[in-house]
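The values are calculated or read from the model by the stated rules, or taken from the named source; none is laboratory data. Bear in mind the structure is a predicted one, so any value in this text is a computation, not a measurement. Positions of Cβ are backbone-derived with ideal geometry, glycine not excepted, and every protein chain shown enters the neighbour counts.
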Amino acid sequence: MHPTDFVFLGLSGRIWLLLILFAGMALFSYVMLKRWQLLARGKPDDRFREWGKRLLNTLLYFFAQRGLFKDFIAGLMHAFIFWGFLIYAVRTVTLFISGFYPEFDIPVNAWGNMYFASKDAFSLLVMLGCFYWLYQRLAVKNPRLTLSRGAIFILSLILTLMVTDLLVDGSQIAYEMKNPRGAWAFASSVTAWSVTQMGLSQSALSSLHLASWWLHLLLIVVFLNYLPISKHFHIITSFPNVVFYTTTPQGRMMKLDVEGAFERNEPLGLQTIKDASWRDILDLYSCTECGRCEAECPAHLSGKILSPKEIILELRDHAYEEHPLFGKPTATRDLIPLSVKPEEIWACTTCMACVAACPVQINPLDKIVAMRRNEVMIKDQYPTLFTDVFKGFDGRGNPWNMAADARLEWAKGLDVPIMSRLQQSGVNTASEVDYLFFAGCATAFEPRNHKIAHSLAKILQQAKIKFAILGEEETCTGDPARRIGHEYLFQLQANKNIQTFSKYGVKRILTVCPHCFNTFKNEYPDFGGNYEVVHHSELIAQLVKEEKVKLTKKLEQTIVYHDSCYLGRYNKVYGAPREILDAIPGAKRVEMKRSREKGMCCGAGGGLMWTEEEPGKRVNDLRLTQALEVKPGILATACPFCMIMMEDGIKTKNLSLQDKDIAELVAETMENGTSS
Ligand code: SF4
Ligand code: SF4
């Protein structure tokens, strides 16, 4: 007898099933419609190109769950549940159809049996995953996981679904005393054996089958309806979220039509939830509250108020409050300070660790910078220390507010060619100069960093590379202004620099600073500036490999390399600096626990170099502590901002640790090089 073969209150089992399905789907559709309406109100964002890249990203990050395996055990446990869901989708549809057509079933053939074996295996693996996460929440009390009733409820629900599913098949096998799938249905067979051992009568076995079948289907309907009103909405939304992930370079910030927006009196940045794009809303729907972003965030780890997870949840709750499930949307209100505190957005170093950590490819950083843009350009609200930064940009084209002639300080005593002079003397800079050597403000205006540029110039001269600098014509790329939120100032800088580069026919730019590197490489193309951009670590690594620079002097030191966020996470340059260190005779390279993609910020990005951090809450101190764990003699960096922050930490802590840029290390150890 099939579980729907009965009559209750005058209605057949099939009618009851139809009613349950109808009620469940009606409620589900209503909630989904509400969620869809909020999403559809989002601003346009063209994510409908480059389907090849999207497909690859979806295969890696959705189906293969790549983002989760950064923590292997946790990733595997989550993947068991996820893959189990995919397999169980077929089973669920089959069970519902069989309610109306009892003969309908997965066929007993090779494919059907293989499917059944996978289903049985995953029923056990899903249970293992659920127990693991319950254990992490209830016993371990893993700090990155929110101990919510919702999470316990859903894990218990999934566990019950797995048990009832096995009971459906197990009780049927025991009742009918036949198992057409044999060992393929191994977990169901074990369940059948277990219930048989309990000495249940035939009618009790039949009742068990009936009860487990109905309970299982009812719980599926409950589960489905619980998803869109809980954090488990990600089970539905993570697929489109991954499909519509950005295909542009990760380090590229979205260009804003600032002047157009002012003319049209349109909002700039993220002021209310109405300013969010549909893809932003999808991000808010997709947060699993797993806390991986928070666990990587340097601001959070150093005791600041910011947590990227909370940013997403605050925006989501704000959106839900203004778009309730029942009733009309309420008046839209500013996100800051109602839902997000200003201190949160100003604590972000723009290191992108949260973006890299998120398994469902949510981007909290985009939202933080969008809120900064609104605070700066519309409300004129920002930490007072940025006033001088903006003044510097306004008056002298750099956040240090230094005079243009100070840019040449580092080159004193070196015969470094300057573009304007070359041109005046009749040199065709477009064809005669291989690289524009762009020192950048953090190198040119910080006396400590002059040695980096000096060392690099020496290396280039030894390798006979034809390069020139802009000298007094060099101005800031605009990166700090952009990350602080002043898009207008950034665009002024970008246009000014592109004009200067055009004057000299610049095609290739060599940067010392990863921030300049990222801006020229990934952001200037949006303004018509297309160049081949090379970071000094890449060029030096190539020169060493080609033996144009020979490292012959011994340096018997343990060296730890600190990854710059804008070079590493933003642009995936991890190998070149390490290759250089490995080529230094006598040097032993060691790695910090947090390195490469998981490398931690120095604390300077996003304009925070110009702000004050409370003692005991400094990101650079935290990073230095991590470096000291591996007992290095030298801390190697490849970014002038990192150098400033690390030097500051070393001095404050009065450490004997040396901090050197890779260019300095090469200049010291190369043939005919200079030692410090
Ligand atoms: S970008 Fe870095 S500092 Fe900012 S929220 Fe993300 S992890 Fe935290
Ligand atoms: S934003 Fe991503 S990493 Fe952060 S809690 Fe949500 S799902 Fe996890």
Within region 453-479, tally of residues that are on the phi > 0 side of the Ramachandran plot and surrounded by fewer than 21 Cβ atoms within 10 Å (Cβ to Cβ)
2
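Listed here are the residues, each with its yes/no results for (1) of a type in the set (D, E, K, R); (2) in a helix (DSSP H, G or I); (3) within 12 Å of ligand 1 (Cβ to nearest atom).
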site	(1), (2), (3)
CYS348	no, no, yes
ILE362	no, no, yes
LYS367	yes, yes, yes
MET371	no, yes, yes
PHE386	no, yes, no
LYS391	yes, yes, no
ASP394	yes, yes, no
ARG407	yes, yes, no
TRP410	no, yes, no
Selected residue (criterion: farthest from ligand 1 (Cβ to nearest atom)) from residues of region 334-346 that are outside any helix (DSSP H, G or I) and in contact with a Ser or Thr (Cβ under 9 Å, 6 or more places away or on another chain):
ASP334
For LYS255, are the conditions met, namely being assigned to a loop (DSSP other than H, G, I, E, B) and within 16 Å of ligand 1 (Cβ to nearest atom)?
no
Which of the residues that make up region 3-30 are in a helix (DSSP H, G or I), loosely packed, with under 14 Cβ neighbours inside 10 Å and of a type in the set (Gly, Ala, Ser)?
ALA23, ALA26, SER29
In the set GLY42, GLY13, GLY99, the lone residue that is touching a residue at least 60 places away in the same chain (Cβ under 8 Å) and in contact with a strand residue (DSSP E or B) (Cβ under 7 Å, 6 or more places away or on another chain) is GLY42
Boolean, ALA347 is of a type outside the set (Ser, Thr, Tyr), within 12 Å of ligand 2 (Cβ to nearest atom) and surrounded by 20 or more Cβ atoms within 10 Å (Cβ to Cβ):
no
So, in region 595-620, how many residues would count as being over 15 Å from TYR566 (Cβ atoms) and either of a type in the set (Ser, Thr, Tyr) or surrounded by fewer than 19 Cβ atoms within 10 Å (Cβ to Cβ) (or both)?
10
Residues being within 17 Å of ILE336 (Cα to Cα) and part of a helix (DSSP H, G or I) - total across region 270-279:
3
Residue by residue through region 291-310, note down the ones that are within 10 Å of ligand 1 (Cβ to nearest atom) and within 14 Å of the chain's Cα centre (by Cα).
CYS293, GLU294, ALA295, GLU296, CYS297, PRO298, SER307, PRO308, LYS309
Options THR288, THR247; residue that is away from ligand 1 (no atom under 16 Å from the Cβ), closer than 21 Å to LYS598 by Cβ, in contact (Cβ under 8 Å) with a residue 60 or more places away in the chain and in contact with a Lys or Arg (Cβ under 7 Å, 6 or more places away or on another chain):
THR288
Surrounded by 24 or more Cβ atoms within 10 Å (Cβ to Cβ) and touching a residue at least 40 places away in the same chain (Cβ under 8 Å): which single residue out of ARG482, ARG508 fits that description?
ARG482
I need the full set of residues from region 280-316 which are near ligand 2 (Cβ under 9 Å from one of its atoms), hydroxyl-bearing (Ser, Thr, Tyr) and assigned to a loop (DSSP other than H, G, I, E, B), in order please.
THR288, SER307
Pairs needed: first member in region 584-605, within 16 Å of LYS660 (Cα to Cα); second member anywhere, of a type in the set (S, T, N, Q); C-beta distance under 6 Å; at least 6 residues apart or different chains.
ILE584/THR669; ALA587/GLN557; LYS588/THR558; VAL590/THR558; CYS602/ASN620
Exactly one of LYS231, LYS274 is more than 20 Å from the chain's Cα centre (by Cα) and more than 16 Å from ligand 1 (Cβ to nearest atom), and that one is LYS274
Does PRO399 satisfy the condition of being away from ligand 1 (no atom under 16 Å from the Cβ), modelled with pLDDT of 95 or more and over 22 Å from SER564 (Cα atoms)?
no
Select the helices (runs of 4 or more DSSP H) contained entirely in region 570-670, then report the ones holding at least 3 residues which are over 30 Å from the mean Cα position of the chain (by Cα) and modelled with pLDDT of 95 or more.
662-669
Restricting to region 101-114, name every residue that is surrounded by 14 or more Cβ atoms within 10 Å (Cβ to Cβ) and more than 13 Å from ALA185 (Cα to Cα).
PRO102
Would region 143-154 turn up any residue that is free of Cβ contacts under 8 Å to residues at least 40 places away in the same chain and hydroxyl-bearing (Ser, Thr, Tyr)?
no
On the given criteria, is PRO267 away from ligand 2 (no atom under 16 Å from the Cβ), under 15 Å from the mean Cα position of the chain (by Cα), not small (Gly, Ala, Ser) and not in a helix (DSSP H, G or I)?
no
Selected residue (criterion: surrounded by the most Cβ atoms within 10 Å (Cβ to Cβ)) from residues of region 250-277 that are in contact with a helix residue (DSSP H, G or I) (Cβ under 8 Å, 6 or more places away or on another chain), of a type in the set (Gly, Ala, Ser) and at pLDDT 95 or above:
ALA276
ASP280 being of a type in the set (Asp, Glu) and either modelled with pLDDT of 95 or more or within 16 Å of ligand 1 (Cβ to nearest atom) (or both):
yes
Flag if LEU385 is over 20 Å from GLU613 (Cβ atoms) and either surrounded by fewer than 21 Cβ atoms within 10 Å (Cβ to Cβ) or hydrophobic (A, V, I, L, M, F, W, C) (or both):
no
Within the set of pairs 6 or more residues apart or between chains, which connect a residue that is among the small types (Gly, Ala, Ser) inside region 215-244 to a residue that is part of a helix (DSSP H, G or I) with Cβ atoms less than 6 Å apart?
SER230/GLY150; SER238/SER286
Among (1) farther than 29 Å from LEU622 by Cα; (2) modelled with pLDDT under 95; (3) within 16 Å of ligand 2 (Cβ to nearest atom), there is one condition GLY327 misses while meeting the rest; what is its number?
(3)
Note: among ALA331, ALA319, just one is over 23 Å from TYR382 (Cα atoms), away from ligand 1 (no atom under 15 Å from the Cβ), surrounded by fewer than 16 Cβ atoms within 10 Å (Cβ to Cβ) and small (Gly, Ala, Ser), namely ALA331
Restricting to region 112-128, name every residue that is of a type in the set (S, T, N, Q) and within 13 Å of TRP83 (Cβ to Cβ).
SER118, SER123
